[in-house]
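Worksheet: one structure, shown below.
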Amino acid sequence: MRRSSTVSILSSTQTGHPPITVTQPHLPPLEEFLPYLEKIWNSKVLTNGGPFHKQFESALADYLGVPHVSLFTNATIALVTALQALRISGEVITTPYSFVATAHSLLWNGIKPVFVDIDPHTYNMDPQKIEAAITPNTTAIMPVHCYGRPCDTEAIQRIADDYNLKIIYDAAHAFGVQHHGQSVLNAGDMSILSFHATKVFNTFEGGAIICQDARTKQHIDHLKNFGFVNEVTVVAAGINGKMSEFNAALGLLQLKHMPAVLERRAQIDAIYRDRLGQVDGVEVPQWPAHDRLNWSYFPIRIKPHFGLSRDELYEELKRLGIAGRRYFYPLISEFPMYRGLPSAQMSMLPHATEASREVICLPQYPGLQDADVHRVCDSIEAAATQVKAMPLAA
Ligand SMILES: *Cc1c(COP(=O)(O)O)cnc(C)c1O
């Protein structure tokens, strides 16, 4: 019998509590969105860089504190396009501890991913492991600001400068994050944002490339529109990566709500840290004090002395109607299209492997009530207490 099934806590149906999901998209009040829809219906401009697209691009650049934004249909197409725009080929150094789209964007460009291990405290690519992974075929580094925590952008830039490599940040988690007083999205050559429903800021689906000069933005804008420069001129084998007016209008409206969204997320983060920081065997994130974060995720680590394994806790929470997420598990390097690579071997990635076995992301979204947060904490505490009180099997 599985040990966790002997923990005698009532299930959510027995307790009558409604289930708690791991995330829930923030949506503005519908009546606020209706005027935007009326404008779209009246103008019949649905896409191809219409008025909402233009407004949202410039409002977003202002909000984020970045020079240039190119809106996209989603972050995955934006990642694929960023690699095309910089003509990246050969090998790219990246992290196995991410969502699978990070590495998939490389395969879609015929590029070989080279995985390096993470720093176990930040979950970001360990800059000290990068140099050993560089070969004559390396052309770029693709790090991820995992859970919205800024990478060591200075160290990564120094290595890129020394070896003449480009840097493309997968910044899907890093909307609005500031590092040393400025947007982390200005680090490296390009940064890619995701506005997927599950992210801190959503446009239903959507994404963007942040770049640093107007010529590069123009090139990206051509690439996302099939390579069209004008009605009769196609300069590259571009793709259709355009964001529609519907998504851009929603984004424009969502921006107004961001201060309240971030404030609520910070409150939830504080409750979790306060309560779970006391629980033996649970490690809460230690966010850097000098950076402005976005509280996009609340990853905790379940250490062996907690009593239950991470997977046992995950199942126990599920039984109680609380959805956690084993994010990121499995590692990208464990999926069949990657696991044959020499850099994908687990012995090369001890910290990423351990994190993927120990981390569980707890529910975190502005619609979560204080009582829900406390119920999650109570459930984790109770699971630990009860398993420790159990006599060992003879
Ligand atoms: C969500 C996510 C993506 C993919 O974003 P989409 O907009 O869904 O394509 C890529 N990388 C990371 C790290 C993500 O979390």
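When you restrict to C-alpha pairs under 8 Å that are six or more residues apart and normalise by the size of the stretch 30-253, the relative contact order lands at 27 percent. Based on the alpha carbons, how large is the Rg to Rh ratio for the stretch 30-253 when Rh follows Kirkwood? Using Cα coordinates only, the ratio equals 0.98. On a per residue basis, the convex hull of the C-alpha atoms belonging to the stretch 301-349 measures out at 95 Å³. The spacing between the stretch 44-58 and the stretch 114-148, judged by their C-alpha centroids, is 36 Å. Placing one identical point scatterer on every Cα of the stretch 186-297 and ignoring solvent, what is log10 I(q)/I(0) from the Debye formula at q = 0.17, 0.22 Å⁻¹? Scattering profile of the stretch 186-297, log10 relative to I(0): -0.98, -1.26. Counting only aspartates and glutamates at least 8 places from residue 303 when in the same chain, those with an alpha carbon closer than 19 Å to its own are 119, 274, 280, 283, 311, 312, 315, 316, 354, 358, 378, 381. Rg over Rh for the chain works out to 1.00, both radii taken from alpha-carbon positions and Rh defined as the Kirkwood radius. How much length, in nm to one decimal, is gained on full extension between residue 382 and residue 132, taken as 0.36 nm per residue of separation minus their Cα-Cα distance? Computed gain between residue 382 and residue 132 is 85.5 nm. For the stretch 181-237, chymotrypsin sites (Phe, Trp or Tyr not before Pro) are listed when DSSP marks them as loop and at most 16 other Cβ atoms sit within 10 Å of their Cβ; the list is 204, 226.
A Cβ-based charge dipole, computed about the Cα centre of the chain with Lys and Arg at +1 and Asp and Glu at -1, lands at about 580 debye. What separates the Cα centres of the stretch 183-254 and the stretch 345-370 is a distance of 29 Å.
Within the set of other residues whose C-beta is less than 13 Å from the C-beta of residue 193, count the net charge using Lys and Arg as +1 and Asp and Glu as -1. Local charge sum for residue 193: -2.
Here the dipole of the stretch 270-354 is about 200 debye; that uses its Cα centre as origin and unit charges on the Cβ of Lys and Arg (positive) and Asp and Glu (negative). Computed over the chain with a Gaussian network model linking Cα atoms closer than 10 Å, the most mobile of 128, 286, 254 is 286. Among the listed pairs 39/256; 129/388; 44/166, which have their C-alpha atoms separated by more than 30 angstrom in this model? With Cα atoms farther than 30 Å apart: 129/388; 44/166. Along the charge dipole of the stretch 30-253, Cβ charges K/R +1 and D/E -1, which of 107, 138, 169 sits furthest on the positive end? So the residue furthest toward the plus end is 107.
The residues of the chain expose on average 44 square angstrom of accessible surface per residue, using a 1.4 Å probe on protein heavy atoms.
Projecting label points 7 angstrom from Cα along Cα→Cβ for residue 100 and residue 24 puts them 2.8 nm apart. Once both labels are positioned 7 Å from their Cα atoms along Cα-to-Cβ, the gap between residue 341 and residue 369 label points is 4.6 nm. The modelled label-to-label distance for the pair residue 236/residue 42, using points 7 Å beyond Cα in the direction of Cβ, is 3.7 nm. Considering only trypsin sites (Lys or Arg not before Pro) in DSSP loops that have at most 13 other Cβ atoms within 10 Å, the longest stretch of the chain without any of them is 88-394.
Rounded to the nearest 500, the helix-only mean residue ellipticity at 222 nm of the chain stands at -11500 deg cm²/dmol, with each DSSP H run of n ≥ 4 adding -39,500 (n - 2.57). Cβ-Cβ distance of residue 108 and residue 390, R₀ of 51 Å, FRET efficiency by 1/(1 + (r/R0)^6): the value works out to about 0.55.
Each of 282, 373, 362 was placed along the dipole of the stretch 258-389 (beta-carbon charges, centred on the mean Cα), and the one lying farthest toward the positive end is 362. Run a plain Debye calculation on the stretch 93-153 (Cα atoms as equal point scatterers, no solvent) and give log10 I(q)/I(0) at q = 0.19 Å⁻¹, rounded to two decimals, same order as the q list. These q points yield log10 I(q)/I(0) values of -0.66. Of the residues 327, 340, 272, the one whose Cα sits farthest toward the positive end of the charge dipole of the stretch 258-389, with +1 on the Cβ of Lys and Arg and -1 on the Cβ of Asp and Glu, is 340.
Classification of the stretch 162-244 by its C-alpha gyration tensor yields an oblate form. The axis ratio a/c (a ≥ b ≥ c) is 1.5 or more, and b/c is at least a/b.
Only the Cβ atoms of Lys and Arg (+1) and of Asp and Glu (-1) were treated as charged; on that basis the dipole of the stretch 30-253 about its Cα centre amounts to roughly 460 debye. Once R0 is set to 35 Å, what does the formula 1/(1 + (r/R0)^6) return for the Cβ-Cβ distance between residue 357 and residue 256, expressed as a FRET efficiency to the nearest 0.05? Calculated transfer efficiency: 0.30. Taking the accessible area of the chain, probe 1.4 Å, and keeping the other protein chains in place, the carbon and sulfur fraction comes to 55%. In the stretch 258-389, Cα pairs under 8 Å separated by at least six residues give a relative contact order of 33 percent. Computed on the Cα trace of the stretch 258-389, the radius of gyration divided by the Kirkwood hydrodynamic radius gives Rg/Rh = 1.01.
Among 127, 67, 342, the largest mean-square fluctuation in a Gaussian network model of the chain, built with springs joining Cα atoms closer than 10 Å, belongs to 342. Averaging the sequence gap over all C-alpha pairs within less than 8 Å and six or more residues apart, then dividing by the number of residues, gives the chain a relative contact order of 23 percent. For the chain, modelled as a GNM whose springs connect Cα atoms under 10 angstrom apart, the maximal fluctuation among 309, 244, 191 occurs at 309. Against the criterion of solvent-accessible heavy-atom surface with a 1.4 angstrom probe, 94, 135, 385 sort, most first, into 385, 135, 94.
The values are calculated or read from the model by the stated rules, or taken from the named source; none is laboratory data. A quick note: this is a predicted structure, and the numbers were derived from the prediction, not measured. Here Cβ is always computed from backbone atoms with ideal geometry, including for glycine, and neighbour counts include all displayed protein chains. What goes into the accessible areas is simple: the full protein's heavy atoms, side chains included, and nothing from ligands, DNA or RNA. Shrake-Rupley method; radii C 1.70, N 1.55, O 1.52, S 1.80 Å.
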